Amino acid sequence: MGLTLTEKILKAHLVSGSVKPGDELSVKIDQTLTQDATGTMVYLQFEAMGLKRVRTELSVSYVDHNTLQNDFRNMDDHRYLQSAARRFGIYFSRPGNGICHQVHLERFGKPGKTLLGSDSHTPTGGGLGMLAVGAGGLDVAAALAGEPFSLNMPQVVGVKLTGSLKPMCAAKDVILTILQQETVKGGVGKVYEYFGPGVATLSVPERATITNMGAELGATSSIFPSDEITKRFLTLQKREQDWSEQHADSDAHYDRIIELDLGKIVPMAARPHMPDRVVPISEIEGLIIDQIAIGSCTNSSINDLGIAADILGGKHIPETVSLGISPGSRQVLLSADRAGILSKLITAGARILESACGPCIGMGFAPCSGGISVRTFNRNFKGRSGTGDAAVYLVSPETAAAAALHGKLVDPRKLALTKRDYSEFTEIDDSMIIAPAKENTAAEIIRGPNIKPLPLASPPPDSIQAEVLIKTGDNITTDHIMPAGAKILPLRSNIPEIAKHVFEQVDTEFYNRANKAKAGIVVGGENYGQGSSREHAAIAPMFLKVKAVIAKSFARIHKANLINFGILPLELQNTDDYEQLAVGDQLTLSAVPENLKSGNPIPVRNNTKNRDFFVTCDLSPRFKQIILAGGRLNEIKNR
């Protein structure tokens, strides 16, 4: 039996374990990426390991999140990141050079390689035929140190594409269609691997749009083969030497196959406030809108901007709407200028925003109160836009531009345009990327006053006595746990300060309650911790003495982050016990290390209600070792 592309790349990088379903395996990581919202902690953690140089083939530090400089804090972080990159042998992509995933696709990604990034949308690299995985920052710091990355062998879901997209239907509509079918938790423990004759009809940026939003499925990764289309893309990037053919065997076995005829794809939209609340545009056509945003790491290539310019060229947006454009990279910005795209958009009334994450993370261009915002982004969680009562719809650039033209949602197929390929205008300029010094350097690492020491957890005691600090529902996101936005993101390198904002969108009294408690427990529902890879959603609760999260189930990255920072990820043995737990309940967990080692359920006594129940802690031997050491940094130091 042949191998899938996922299995081939994993086997080629295997350090330990096997690619048998469900087995834990460890793989060598070729490349890493970080961004400034997570990267400061990554390099503080790498510093703590005491190494002088990174041990990867290539690592890149990007600045793309915290680019709004209201005071010294973000700029201080940027100076720290640049100095750390110089010291440790890391490429540094300066502020303004673009969004990490777009730039990495253009300038660094290589088919067949492994990429680990401290951002959940790292699987964007799968559009090039890489096995790209998002992870918490500490896992990335360990990879920088040469440590292998460990995971359970995911199921490989084959997505067979046939046919080709009709005019004004887009790759964004493809992934929205899959989200409609699979849901935001349908991809947990899975890799979505695309194959079939329809693959050849999609460009690399279109493939990257699909793999990017695989993160919204909860998937470990998504991947396309590397073929002649990939070779053309890399040739345009003047990187043809980086191309290699990558594909599954013709007799590869997939755990499940989804068949998708691209010719039947129609324009779609994800309604507020979850990426899987997807309907055809035809069902909500006519919705009056206030704001349109085109860009983000999902849809900001030159062709995404090009179709918007073609729709709006020679026209002007209504006075009732505001249109913001975020080019994905400086390369896209320069190329779009060369192609005449920018002048069309500006003349039509668009605002050209910085080549950065910006509005996608609530960093500027927030909607009005109660506003309807139509965006080409990947997430529409409540409050993520920066406006708590705004309603965000996720759509393709075609649909977004059509909405900007009419001031309401319309089916873009009514415009009867054909998407033009603007890639011939690609302009290469790497002057905003600082290459690492070739030799080890004693360059000074610059720290501002907002950069505080990294807190560490302690090994779990025999008995944990703690108070239930909060009880959440299903699909709680890391945005709920640790919000982003212009107010909070500058605190990413200051755990004592950022901890004051944990769960503030859900319960404004959480911080005070946690501060008063000797120890705390969080109770959650299904798919707890979905969304961003931000490890602050684990570090800050750990700083607030949260000892465990008891939930029905966990999202992959957040579960690993909890373990890395010494918080027990516990699942209810009987989910009916969820209903019996309430804020303020005093719980006692008994014989914790003993039951962790044996794999037996941990008995829990609800002292407030005189009830007993059991929780399980399904951990691999490696994860057990980490949690028993009180987190991964302690475990690495112990070794």
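The values are calculated or read from the model by the stated rules, or taken from the named source; none is laboratory data. Nothing here was measured: the structure is a model prediction, and the numbers come from that model. Quick reminder, even Gly has a Cβ in these numbers, built from the backbone with ideal geometry, and neighbours come from all protein chains shown.
Exactly one residue out of His104, His65 is surrounded by 22 or more Cβ atoms within 10 Å (Cβ to Cβ), at negative phi and in a loop (DSSP other than H, G, I, E, B), and it is His65. A count restricted to the range 325-349 and to residues that are in a loop (DSSP other than H, G, I, E, B), surrounded by fewer than 24 Cβ atoms within 10 Å (Cβ to Cβ) and in contact with a strand residue (DSSP E or B) (Cβ under 8 Å, 6 or more places away or on another chain) stands at 1.
Residue-level analysis places Arg232 among those that are among the charged types (D, E, K, R), surrounded by fewer than 16 Cβ atoms within 10 Å (Cβ to Cβ) and within 18 Å of Asn303 (Cα to Cα).
Scanning the range 409-429 for residues that are in a loop (DSSP other than H, G, I, E, B) and crowded, with 18+ Cβ neighbours inside 10 Å returns Leu409, Val410, Lys419, Tyr422, Thr426.
Determine whether the range 534-546 contains at least one residue that is buried (at least 18 other Cβ atoms within 10 Å of the Cβ) and β-branched (Val, Ile, Thr).
yes
The C-beta contact set for the range 594-620 (first residue assigned by TED's automatic domain parsing to the domain that holds Ile521, second residue in a strand (DSSP E or B) and acidic (Asp, Glu), distance under 6 angstrom, 6+ apart or interchain) comprises Arg605/Asp612; Thr616/Glu571; Ser620/Glu24.
Residue by residue through the range 216-236, note down the ones that are in contact with a Ser or Thr (Cβ under 7 Å, 6 or more places away or on another chain) and either basic (Lys, Arg) or farther than 11 Å from Leu128 by Cα (or both). Residue satisfying the conditions is Leu236 alone. The single condition among (1) over 19 Å from Ile361 (Cα atoms); (2) among the aliphatic types (A, V, I, L, M); (3) in contact with a Phe, Trp or Tyr (Cβ under 8 Å, 6 or more places away or on another chain); (4) not in a loop (DSSP other than H, G, I, E, B) that Ala499 does not meet is (1).
Number of residues in the range 290-323 that are under 13 Å from Leu394 (Cβ atoms) and among the aliphatic types (A, V, I, L, M) equals 3. Among the conditions (1) at pLDDT below 95; (2) in contact with a strand residue (DSSP E or B) (Cβ under 9 Å, 6 or more places away or on another chain); (3) of a type outside the set (S, T, N, Q), Phe72 misses just one, which is (2). Flag: Ile229 matches the condition of being more than 21 Å from Asn378 (Cβ to Cβ), in a helix (DSSP H, G or I) and either out of contact with any Pro (no Cβ under 6 Å at 6 or more places or on another chain) or of a type in the set (S, T, N, Q) (or both).
The set of residues from the range 430-489 being at negative phi, of a type in the set (Gly, Ala, Ser) and not in a strand (DSSP E or B) comprises Ser431, Ala435, Ala437, Ala442, Ala443, Gly448, Ala457, Ser458, Ser463, Gly473, Ala484, Ala486. Within the range 208-217, can one find any residue that is in the same structural domain as Lys166 (by TED's automatic domain parsing), buried (at least 22 other Cβ atoms within 10 Å of the Cβ) and part of a loop (DSSP other than H, G, I, E, B)? For the range 208-217, residues in the same structural domain as Lys166 (by TED's automatic domain parsing), buried (at least 22 other Cβ atoms within 10 Å of the Cβ) and part of a loop (DSSP other than H, G, I, E, B): absent.
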